[in-house]
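First up is the structure itself, then whatever we jot down about it.
The values are calculated or read from the model by the stated rules, or taken from the named source; none is laboratory data. Source: prediction; values computed, not measured. Please note: Cβ atoms are built from the backbone with ideal geometry, for glycine as well, and neighbour counts cover all protein chains shown. Note: accessible area is taken over every heavy atom of the protein model, side chains too, but ligands, DNA and RNA are not part of it. Shrake-Rupley method; radii C 1.70, N 1.55, O 1.52, S 1.80 Å.
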Amino acid sequence: MRRGSLMVALFTLAGAMIFPFVLVALNAVKSPADYSTNGPFSLPSELYFKGLVDFWFRVDFGEKIWNSFLISASVAVLAVVLSVLNAYALGIGRIKGRLWVLVLFLVGNTLPQEALVFPLFYLAREVGLYDTHLAMIIIFTVVQAAFGTYLLSAVLGQFPRELIEAASMDGAGRFTVLMRVVVPISRPTLAVLLIFFFIWTWNEFFLPLIFLVSNDLQTVPVSLAVLQGEKFMDATTSSASALLGIVPAVVFFLLFQRTLTRGITVGAIK
Amino acid sequence: MLFAVVIVGPFLMNIAASFTKWSGVGTPRWAGLDNYARLLEDERFWASFQNNVALILAMAVVPTVLGLVLAAVLFDLRGRSSVVLRALYYLPQVLPVAVAGVVWRWMLHPEHGLKVDWLGNPDTALATVMAVMVWFQLGYPLVIFMAGLGRIDPALGEAASIDGAGWWRRFWNITLPQLRPEIFVVLATCTIAALKVFGPIFVLTRGGPSDATLVPSYFSYLNFFTKLDVGYGSAIATVLALVIVVVTALFLRAQERP
């Protein structure tokens, strides 16, 4: 009996957690007429996809997804490469003052973007990178790599030195050691970092909001956020827009679920 | 090198700008500590930090407490339903926080969704944003704590059970102390996230109505890009950065102590 009521409570809470998702999905596939007669809580009388399709074409949502994808994928790859090179130099090359360099990297990652945004905005305008994807890619690559360097140098610090020494003895240069020995062995950690960088960059909002003012350059979160309150955003169109924001995020989660649950404790350091 | 250009340089420039009066174009005029003196007397600034404390409660404290209890309950439950429930509680966490804001803005629109105007009412706006943030954050501590529970030796709980300790006593005397490292990490990361919160405020309320949900990050954004008072915005951002660095340092020190 006690277990029974506990389960009821747990599933009620779960229902409350997913209630917004359900309500948004219900109304995204409801016709405006159906909505105005039956309200938000009724099941759609028939599946109506015109709201979703109209919204998609009206804001060219495919383009927004592509923008988000382009920025996030570039950042993920570049930031992993940069993190590996930095961490290799710091962790195995043992440069002087490495602890301070690491602390600096960690502080760099915890600083609020608000304290960087205006100078970045100003500099980007000076060099003609304002309102470009390139500016976003450069900035987020550095921000993510700061975290990646910090994390990887801890991992590489424990790397078996015998392996490296053996490879050097065979005449391998530092770069060959990195590519042939260190990278293949650290592959699982690098995969986790790659996926995290991709998703973190996809989810970014503050800097893209400021840097991507042209409509055709905007990312998914920015475009959805600035569209709220537009005249054409009636109840069903708004819920369609929310659903389109939810879907890619849930797809990534399902695709990467295993890596994410393994890596979430790694990400906790962030 | 790049790190210097993208993070260190701008950060120092931001501090420098906080000592000037500058509209963002033209030459900044030296203003000494004027901006900081103004901050101390600015009621909006203090109100924004107060709201930030409320959001720390909603984004760090409440999810940690709820997450601990839920994690312990779900962990004891085991089996399929525990996996399903964990996934359902975690679902909001997969959204970009701005999209979560879009979802809730629709839910809480006076004419759409639930047709309520809690966000438009200065008396309820902050509490509503807090509730939304609890919803958004809950999954994160839950997943971390459940992973942490897997590390604890089950013999500890069993022994206590045999000695007649009830569920709450075991939770209090075994689970909590054992999860100490995870609790620190979660509280630290969520507190820092709460101090930086911007996306949900931008989407849900834009700091309104009548500053009821204004936070420092949004307040600095307003000064940078709406009021073109860059010096003042920089001063707010510098103070925020300082607070975050101090909070991080405090957490790191507290964690080191046994």
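Give the average over all directions of the projected area of the C-alpha convex hull of segment A:1-48, one decimal, in nm².
Numbers: hull surface 15.8 nm².
The number I arrive at for segment A:1-48 is 3.9 nm².
Counting only heavy atoms of protein chains, what accessible area per residue, in Å², does segment A:90-212 have with a probe of 1.4 Å? Mind dumping the intermediate values first?
Working: 5360 Å² over 123 residues.
Here the per-residue accessible area is 44 Å².
Whole Å is fine, so just give me how far the alpha carbon centre of segment B:202-256 lies from that of segment B:32-106.
Distance between centres, Cα-based: 16 Å.
Could you give the longest part of chain A that holds none of the chymotrypsin sites (Phe, Trp or Tyr not before Pro) found in DSSP loops with at most 15 neighbouring Cβ atoms within 10 Å? Numbers along the way, then the final one.
Numbers: sites that count: A:Phe41, A:Phe49, A:Phe232.
In chain A, the maximal stretch lacking such sites is A:50-231.
Jot down the radius of gyration and Dmax of the protein assembly as shown, Cα atoms only, both in angstrom.
Spelled out, the Cα radius of gyration and Dmax of the protein assembly as shown are 24.3, 79 Å.
Over chain A, what is the mean sequence separation of C-alpha contacts under 8 Å (at least six apart), divided by residue count, expressed as relative contact order in percent? Intermediate values should be presented prior to the final figure.
Values: 239 pairs, mean separation 85.1, N = 270.
Once normalised by length, the contact order is 32 percent.
Suppose R0 equals 56 Å; then what is the FRET efficiency for B:Ala160 and A:Val183 from their Cβ-Cβ distance, rounded to the nearest 0.05?
Values: r = 47 Å, r/R0 = 0.83.
Working from the Cβ atoms, E equals 0.75.
Calculate the FRET efficiency for A:Thr132 and A:Glu230 from the Cβ-Cβ distance with a Förster distance of 30 Å, rounded to the nearest 0.05. Write down the numbers at each step before the final one.
Details: r = 25 Å, r/R0 = 0.83.
Once the sixth-power term is evaluated, E becomes 0.75.
Take A:Leu85 and B:Ser210, extend 7 Å from each Cα along the Cα→Cβ direction, and tell me the distance between the two endpoints in nm.
5.6
When only DSSP loop residues count, what trypsin sites (Lys or Arg not before Pro) in segment B:77-147 have their Cβ near at most 16 other Cβ atoms within 10 Å?
Working: sites: B:Arg78, B:Arg80, B:Arg86, B:Arg105, B:Lys115; in loops: B:Arg78, B:Lys115.
Qualifying residues, ordered by number: B:Arg78, B:Lys115.
If you look at just the Cα atoms of segment B:2-256, how large are its Rg and its Dmax in Å?
Every Cα atom of segment B:2-256 included, Rg and Dmax give 21.8, 75 Å.
Binning at 10 angstrom from zero up to the longest distance, how are the C-alpha pair distances of segment A:51-130 distributed in percent?
Calculated over all Cα pairs of segment A:51-130, the distribution is 14, 23, 34, 20, 7, 3, 0 percent.
Would you mind getting the accessible area per residue of segment B:2-256, heavy atoms of the protein chains only, 1.4 Å probe, in Å²?
On the way: 10920 Å² over 255 residues.
I get 43 Å² per residue for segment B:2-256.
When every alpha-carbon pair in chain A is counted, what percent end up more than 30 Å apart?
Numbers: 16765 of 36315 pairs.
Here the long-distance tail beyond 30 Å is 46 percent of all Cα pairs in chain A.
Could you compute how much accessible area chains B and A hide from each other, both sides summed, with a 1.4 Å probe? Nearest 100 Å² is fine.
Numbers: alone 14400 and 15520 Å², together 23930 Å².
Using a 1.4 Å probe, the pair buries roughly 6000 Å².
Got a sec to turn the phi values of segment A:50-62 into Karplus ³J(HN,Hα) couplings, 6.51 cos²θ - 1.76 cosθ + 1.60 with θ = phi - 60°, whole Hz, x for Gly and Pro?
5, x, 5, 5, 4, 5, 4, 6, 4, 9, 6, 5, x
Choose one answer from B:Val197, B:Val25, B:Val53: the residue with the largest mean-square fluctuation in a GNM of chain B with alpha-carbon springs under 10 Å.
B:Val25
Compute the angle between helix B:62-77 and the longest alpha-carbon principal axis of chain B, please, reported from 0 to 90 degrees and rounded to the nearest 10.
On a 0 to 90 degree scale, this one is about 20.
Enumerate the amide H contacts of B:Thr20 below 5 Å, restricted to partners 5 or more residues apart or on another chain; note that Pro and chain-start residues carry no placed amide H.
Here the answer is B:Ala31, since their amide H atoms fall under 5 Å of that of B:Thr20.
Quick check: the angle from helix A:133-157's long axis to the longest principal axis of chain A, C-alpha only, nearest 10 degrees?
Computed tilt is about 50 degrees.
Which one of B:Gly9, B:Phe19, A:Gly4 is farthest out on the positive end of the charge dipole of the protein assembly as shown, using unit charges on Cβ (Lys, Arg +1; Asp, Glu -1) and the Cα centre as origin?
Among B:Gly9, B:Phe19, A:Gly4, the one farthest towards the positive end of the dipole of the protein assembly as shown is A:Gly4.
Using a 1.4 angstrom probe on heavy atoms only, work out the carbon and sulfur share of the accessible area of the protein assembly as shown in %.
Numbers: 15930 of 23930 Å².
Heavy-atom surface of the protein assembly as shown belonging to carbon and sulfur, 1.4 Å probe: 67 percent.
In Å and on Cα atoms, what radius of gyration and Dmax does segment A:112-223 show?
18.7, 56
Suppose each label sits 7 Å from its Cα in the direction of the beta carbon; what would the A:Glu162-B:Lys21 distance come out to in nanometres?
Placing both labels 7 Å along Cα→Cβ, they lie 7.0 nm apart.
Beyond 24 Å between alpha-carbons counts as too far, so tell me which of A:Lys30/B:Lys115; A:Lys30/A:Lys231; B:Lys196/B:Lys227; A:Lys231/B:Lys227 fall in that bin. List each step's numbers first, then the result.
Details: A:Lys30/B:Lys115 17 Å; A:Lys30/A:Lys231 19 Å; B:Lys196/B:Lys227 20 Å; A:Lys231/B:Lys227 26 Å.
Flagged as over cut-off: A:Lys231/B:Lys227.
Considering the options A:Leu111, A:Val247, A:Ser42, tell which one lies farthest towards the positive end of the dipole of the protein assembly as shown, charges being +1 on Lys and Arg and -1 on Asp and Glu at the Cβ, about the Cα centre.
Among A:Leu111, A:Val247, A:Ser42, the one farthest towards the positive end of the dipole of the protein assembly as shown is A:Leu111.
If one takes the longest principal axis of the Cα atoms in chain B, at what angle in degrees, from 0 to 90 and to the nearest 10, does the Cα axis of helix B:216-225 lie?
Helix B:216-225 sits at roughly 30 degrees to that axis.
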